[in-house]
Amino acid sequence: MKLSSKLLLVPIACSALLLASCAAENTDASTQTSDSESVTVETPESTQVELISLFGDDALTSEATTVDCTLENGTDTTCYQFEVASLPSTVETDGPYCPATTSDIGGIWVWDGDDPGLYALDSEYWDMMSAQGYDFVDADGNISISDPAAPSETATENSCLEATPDGSYHLQVLIPTAPELLDEPVDLTEISQIGLAFDGVTIFGDAPSVADRGGLPALDACGGHIDPSGYYHWHFGAESIQTNLDDADTGLICDVTQEVEASIGLAFDGYVIYGPEEDGAVPSDLDACGGHVSDTDEFGEVYHYHLSYDSPNLPLCRVGAAADGKLSSPDGDNIALPDGEGGGPDDGGGPPGGNG
Ligand SMILES: [Zn+2]
Ligand SMILES: [Zn+2]
């Protein structure tokens, strides 16, 4: 997993160049100094404005601010502080997730047992589950559905999990204003925290395995769903998921605007995530995390991540340091947020009486 140090050094140099040139362009002549070192230490105001302007209308519920923060590698620095709604107003959050019967239309699931891949939750999928010994459907074709926050005694071992939305609180996100590379990338697998989409939706790694845990926390057609704590989040980059849906013959439509080359969000290390393509094709020089250094519309030649056309389609690891407390819910009591270590409470399928 260790990336070559040569590659990792490039973004630092490029970022420094970018910041210096931005500062020079936008700084009043009377305050310009020849001390280029001091220019690169602080993120210039102009770059902040540009980054924040990438967020969509209504994506943020209050004005983004810059605060002191400490990164996971111990660096004291500054972070953007973003606040988003637990149920974003920018995207649909009401499913469908679990279909009531095998004849109804539900959402999707990335199956990790035999015949793995992306599936629509339709009769063919439930047939496959039955054939593999998973008991989601009764004799009348009704799907066993349960709320992972309130497990029902009648739920079978294999239930389609659908949590109750709660739009009453905010999520607060801290992202370093100047990305700082780690010695080794951090793996972003099950339920790890990946970033914040410019729609104001948080993005997490793979949802928990049905094969391992029994419950199936259904996703909507955009790869999102409600956490047992009530907030909506994505397990996909929704902005290019339509390709995945079409390739898998799901017949489903994600109504998030599909932009295969646009910037779609910020990873928790501060690097921008783009759609899967660049200059009309999937880049051929991506590292193990799904990132590389190349020219971007917004920031010039800098390190950035790309979504993939895999399912899920997210970066597989993170090269930079995230902030301590990168995701919190300041006005939501007892909100369980994934811890980024792959074991956080998220989607259910856990042991009865657990976090769900
Ligand atoms: Zn690129
Ligand atoms: Zn989830």
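Could we say that residue 150 is free of Cβ contacts under 8 Å to residues at least 40 places away in the same chain, more than 13 Å from ligand 2 (Cβ to nearest atom) and under 30 Å from residue 83 (Cα atoms) here? When the stated conditions are applied, residue 150 passes them.
With respect to (1) away from ligand 2 (no atom under 16 Å from the Cβ); (2) within 24 Å of residue 171 (Cβ to Cβ); (3) crowded, with 22+ Cβ neighbours inside 10 Å, the lone exception for residue 275 is condition (3).
Residue by residue, here is whether (1) of a type in the set (A, V, I, L, M); (2) touching a strand residue (DSSP E or B) at 6+ places or on another chain (Cβ under 9 Å); (3) within 16 Å of residue 321 (Cα to Cα) holds:
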| position | (1), (2), (3) |
| --- | --- |
| 59 | yes, yes, no |
| 68 | no, yes, yes |
| 76 | no, yes, yes |
| 82 | no, yes, no |
| 93 | no, yes, no |
| 97 | no, yes, no |
| 100 | yes, yes, no |
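Of all the strands (runs of 3 or more DSSP E) wholly in the range 56-172, which have at least 1 residues that are over 23 Å from the mean Cα position of the chain (by Cα) and modelled with pLDDT of 95 or more?
The strands (runs of 3 or more DSSP E) meeting that bar are 65-70, 76-85.
A single entry from 119, 125 fulfils the requirement of being touching a helix residue (DSSP H, G or I) at 6+ places or on another chain (Cβ under 6 Å), within 23 Å of residue 244 (Cβ to Cβ) and not β-branched (Val, Ile, Thr): 119.
Look through the range 292-328, keep the residues that are closer than 18 Å to residue 73 by Cβ and of a type in the set (Gly, Ala, Ser), and return whichever of them is surrounded by the fewest Cβ atoms within 10 Å (Cβ to Cβ). Once the filter is applied, the top-ranked residue is 325.
Based on this model, can you work out whether residue 227 counts as surrounded by fewer than 21 Cβ atoms within 10 Å (Cβ to Cβ) and of a type outside the set (S, T, N, Q)?
Details: surrounded by fewer than 21 Cβ atoms within 10 Å (Cβ to Cβ): no; of a type outside the set (S, T, N, Q): yes.
No: the conditions fail for residue 227.
Among the residues making up the range 95-123, those that are aliphatic (A, V, I, L, M) and within 16 Å of residue 134 (Cα to Cα) are 110, 121. Scanning the range 238-253 for residues that are more than 16 Å from the chain's Cα centre (by Cα) and not acidic (Asp, Glu) yields 242, 243, 244, 245, 248, 250, 251, 252, 253. Of all residues in the range 304-321, those satisfying the criterion of being under 18 Å from residue 184 (Cβ atoms) and part of a strand (DSSP E or B) are 305, 317, 318, 319, 320. Can you pull out the residues in the range 194-215 that are modelled with pLDDT under 95 and out of contact with any His (no Cβ under 8 Å at 6 or more places or on another chain)? Across the range 194-215, the qualifying residues are 208, 209, 210, 211, 212, 213, 214, 215.
The values are calculated or read from the model by the stated rules, or taken from the named source; none is laboratory data. Predicted model only: the values in this text are computed from it and were never measured. Positions of Cβ are backbone-derived with ideal geometry, glycine not excepted, and every protein chain shown enters the neighbour counts.
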